[in-house]
Amino acid sequence: MRASILVAGSLNMDFVATVATLPTPGQTLTGSTFDLIPGGKGANQACAAGKLAGSAVGGDAVRVAMAGRVGDDPFGERLTRSLAAAGVDVEAVERVGGVSTGAAMINVGADGQNTIVVIPGANHRFLPAHAEDLRGRLRDSAWLLLQLESPLDTVQALLRAARQEGARTMLDPAPAQPLGRELLSLVDVITPNETEACLLLGRAAARLGLADAPEMARAVRALGPRAVVLKLGDAGCFYSGPEGEHTAAAFAVTAVDATAAGDTFNAALAVALTEGMAVPAALRFANAAAAVSVTRKGAQTSAPSRAEVDAFLAVRA
Ligand code: RIB
């Protein structure tokens, strides 16, 4: 039984300002704090998976590896160290000379909501040809986790290689962008939030609730992915796929910072499925991990350990 998760994608240094309210165009605001925090949608997923892994699958603990590119600068080194400290194999994170490490400018408001501007830097040097270097790892992996902060042709090459090597694929279609059927048909589980789902379907952005979820999830599934997990934030999530249809309500918590909650959700879902949890239990586990993460500041700084998620769930049985 395969017991590894490979995350391929972005590593960013997050420049995080906290503000009372998010700025509007033309406005200058005085913030209250500034921090440099390891982030990037790919690295956040790897970090969270590393912290959550550890249960036995046929006698083996789930192992997590990251593949991506950083610049030849101190940020790249710090991001790689942050992942290694979470137990992630970072051998496939390579340094590229002459380009800066990816960066993200993040404002976090008092309600925990944020705005993010990403500067890809070295993340855009992660090229389709690099998928070939990862075939050996894909052959050993239960899951390949992807997001959209890497070039789209790299994402597609990785999806194709994963399918050929027998690894299941989970795509977080964030940041939102339109995707073709060829790419989508290589995805086993796609995990859009409401904005991303609307964009995939060519519909105007709308706030969705659980009542809208079945129609929306089925429509996204008709575009090619084998299964859809619609992430609806504080409303919870909805699964439509070969395992039927399942709703999992979110846990009520006081949000401090929503940054990387979606990344933590995907990581937890992949860990749970690799461990052999059934879909309803895996969705509940992922909701719990995301709920704990929003109670804390930052991206990788907010990812919970396995013990924290188990303790959170134990009092909500
Ligand atoms: O999903 C959150 C992440 O988005 C941040 O860590 C930032 O780096 C951007 O990639």
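What follows is calculated from the coordinates using simple rules that are stated; it is not laboratory data. Note that the structure is predicted; figures quoted are calculated from it, not measured. All Cβ positions, even for glycine, are placed from backbone atoms using ideal geometry, and neighbour counts span all protein chains on display.
Exposure proxy shown here: for Ile116, Ile190, the number of other Cβ atoms within 10 Å sets the order, fewest to most, as Ile116, Ile190. Sequence-ordered 3J(HN,Hα) estimates for the range 236-250 from the Karplus curve with 6.51, -1.76 and 1.60 and θ = phi - 60° stand at x, 8, 9, 10, 9, x, x, 8, x, 10, 9, 10, 10, 5, 6 Hz, glycine and proline given as x. Remark: the range 17-29, residue by residue, has Karplus-estimated 3J(HN,Hα) of 10, 9, 9, 5, 10, 5, x, 9, x, x, 8, 10, 10 Hz, where x stands for each Gly or Pro and the curve is 6.51 cos²θ - 1.76 cosθ + 1.60 at θ = phi - 60°.
Out of residues 5 or more away from Asp14 or on other chains, whose amide H comes under 5 Å of its own, with H placed 1.01 Å from N in the peptide plane? Under 5 Å from the amide H of Asp14: Ile37, Gly39, Ala104. Distant-in-sequence amide contacts of Ala92, defined by a placed amide H-H separation under 5 Å and a gap of 5 or more residues or a different chain, comprise Met66.
Considering only Cys237, Cys47, Cys198, the mean-square fluctuation computed in a Gaussian network model of the chain, springs between alpha carbons under 10 angstrom, is largest for Cys198. If the elastic network links every pair of Cα atoms under 10 Å, which of Met66, Met105, Met13 fluctuates the most in the Gaussian network model of the chain? Top of the fluctuation ranking is Met105.
GNM on the chain, alpha-carbon springs under 10 angstrom: the most fluctuating residue among Ala48, Ala261, Ala235 is Ala235. Of the DSSP H helices in the chain, those that are both long (alpha-carbon extent of 15 Å or more along the helix axis) and hydrophobic (Kyte-Doolittle mean at least -0.5) are 41-52, 74-85, 152-165, 261-274, 279-294. Mean separation of Cα pairs under 8 Å and 6 or more residues apart, divided by the residue count, gives the range 1-130 a relative contact order of 31 percent.
Taking the fewest neighbouring Cβ atoms within 10 Å as the starting point, the ordered list for Arg163, Arg207 is Arg207, Arg163.
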